[in-house]
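The values are calculated or read from the model by the stated rules, or taken from the named source; none is laboratory data. What you see is a predicted model; the values in this text were computed from it and never measured. Counting neighbours? That spans all protein chains shown, and the Cβs are built from the backbone with ideal geometry, glycine included.
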């Protein structure tokens, strides 16, 4: 069913505030979750709201407070997020890093002990609209579901890495996991009895599979690194890079005791004006986009697009058509609406 974006935003915001989250944090979380669905990332948008509400109720997500400053240099900052809401922390970090990048050319903020930060692609347009480029990566040292290449035992989480690149037209929004798929997708397909498009998981005996059930059967399997078994340790290497930029720079990660579902975050803002200049940057990136669009499609019915372009078109269409929620999302939220006495939105 399709819903008006404004109705979904108000609904999410009211649920979070009624659950005890302060208005500024509730608004930030609601906006980021909705943006995930607007861009078509249906496992990392409002699908996360019910789990977030459960974390708030249990006290595992902290409602009040501010991050602690671990270190502060002009272009490098480290925060302890104190398990505050991840989307709010990331938006605070974007604001600080953008301000400093205007004078320093770049600024990096690393956050340890953040709660989960939702869809990485949901943050980038706030930055690219200002003419900045942003790198955003995260890992969760409290969990492990991806085995290193050649191993059976999990070490990593999907460790997503994303980049937002401004152009004179639509920005390029790259958001990929360093694993072949995500925990959200495998959990959803397992509950629905579905299969993955390719052999993206491995059973507990080391055999590749399309069936997400192998992650839940004994001996438990794992998700494969990006590229699967055919690409060697490439995806495994990207996972390690994300671990270094997140847990390594933050000084908090897999060497520490687990604290629950969360994230360690690396965020870097780059101002092209501090390098060859914004016009030169746009000239180069516009030409990359032009050449991609001019490339002859391998399948006649599918146009060649730049990363993030499909999501941005979905977002633009939502103004007239509404937001198409994945079928399982509203049923997960209705019990919370009843419990918190919040009126659910009506579909269009």
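Can you go through 244, 255, 250, 263 and tell me which one is closer than 30 Å to residue 155 by Cα, surrounded by fewer than 18 Cβ atoms within 10 Å (Cβ to Cβ) and under 22 Å from the mean Cα position of the chain (by Cα)?
The match here is 244.
Looking at (1) within 30 Å of residue 255 (Cβ to Cβ); (2) out of contact with any helix residue (DSSP H, G or I) (no Cβ under 6 Å at 6 or more places or on another chain); (3) free of Cβ contacts under 8 Å to residues at least 60 places away in the same chain, which one does residue 158 not meet, given that it meets all the others?
The number of the failed condition is (3).
Going through 121, 101, 76 one at a time, which residue ends up being in contact with a strand residue (DSSP E or B) (Cβ under 9 Å, 6 or more places away or on another chain), crowded, with 24+ Cβ neighbours inside 10 Å, modelled with pLDDT of 95 or more and farther than 17 Å from residue 175 by Cα?
Criteria check complete, one pass: 101.
Select from the range 114-141 the residues that are in a helix (DSSP H, G or I) and in contact with a helix residue (DSSP H, G or I) (Cβ under 7 Å, 6 or more places away or on another chain) and write down the one among them that is farthest from residue 241 (Cα to Cα).
So the residue we want is 126.
Please go through (1) surrounded by 15 or more Cβ atoms within 10 Å (Cβ to Cβ); (2) assigned to a helix (DSSP H, G or I) for residue 191 and return the number of the only condition it doesn't satisfy.
Condition (1) is where residue 191 drops out.
Which of the numbered conditions does residue 151 fail, given that it passes all the others? Conditions: (1) in a loop (DSSP other than H, G, I, E, B); (2) at pLDDT 95 or above; (3) farther than 19 Å from residue 86 by Cα.
Only one criterion in (1) in a loop (DSSP other than H, G, I, E, B); (2) at pLDDT 95 or above; (3) farther than 19 Å from residue 86 by Cα is unmet by residue 151, namely (2).
As an exercise: evaluate residue 140 against (1) at pLDDT below 95; (2) crowded, with 24+ Cβ neighbours inside 10 Å and give the number of the one condition it does not meet.
Exception for residue 140: condition (1).
Outside any helix (DSSP H, G or I) and within 26 Å of the chain's Cα centre (by Cα) - does that describe any residue in the range 282-294?
Looking through the range 282-294, none of the residues is outside any helix (DSSP H, G or I) and within 26 Å of the chain's Cα centre (by Cα).
Hey, does the range 37-60 have a residue that's outside any helix (DSSP H, G or I) and over 13 Å from the mean Cα position of the chain (by Cα)?
Yes, some residue in the range 37-60 is outside any helix (DSSP H, G or I) and over 13 Å from the mean Cα position of the chain (by Cα).
Which of the numbered conditions does residue 55 fail, given that it passes all the others? Conditions: (1) surrounded by fewer than 20 Cβ atoms within 10 Å (Cβ to Cβ); (2) out of contact with any helix residue (DSSP H, G or I) (no Cβ under 9 Å at 6 or more places or on another chain); (3) under 28 Å from residue 176 (Cβ atoms).
(1)
Quick check on my filter: what residues within the range 298-327 are under 18 Å from residue 8 (Cβ atoms), assigned to a loop (DSSP other than H, G, I, E, B) and within 19 Å of the chain's Cα centre (by Cα)?
Listed by number, the residues that qualify are 325, 326.
For the range 81-100, which positions are in a helix (DSSP H, G or I), over 21 Å from residue 36 (Cα atoms) and in contact with a helix residue (DSSP H, G or I) (Cβ under 8 Å, 6 or more places away or on another chain)? It would help to see each step written out before you state the result.
Going residue by residue through the range 81-100, those that are in a helix (DSSP H, G or I) are 86-100.
Subsequent filtering for residues that are over 21 Å from residue 36 (Cα atoms) retains 96-100.
Across the range 81-100, the qualifying residue is only 98.
Taking the options 279, 219, 197, name whichever one is assigned to a helix (DSSP H, G or I) and more than 29 Å from residue 61 (Cα to Cα).
Every option except 279 fails the conditions.
Could you please find all residues in the range 158-188 being touching a strand residue (DSSP E or B) at 6+ places or on another chain (Cβ under 7 Å), under 20 Å from residue 205 (Cα atoms) and not in a strand (DSSP E or B)?
Listed by number, the residues that qualify are 180, 181, 186.
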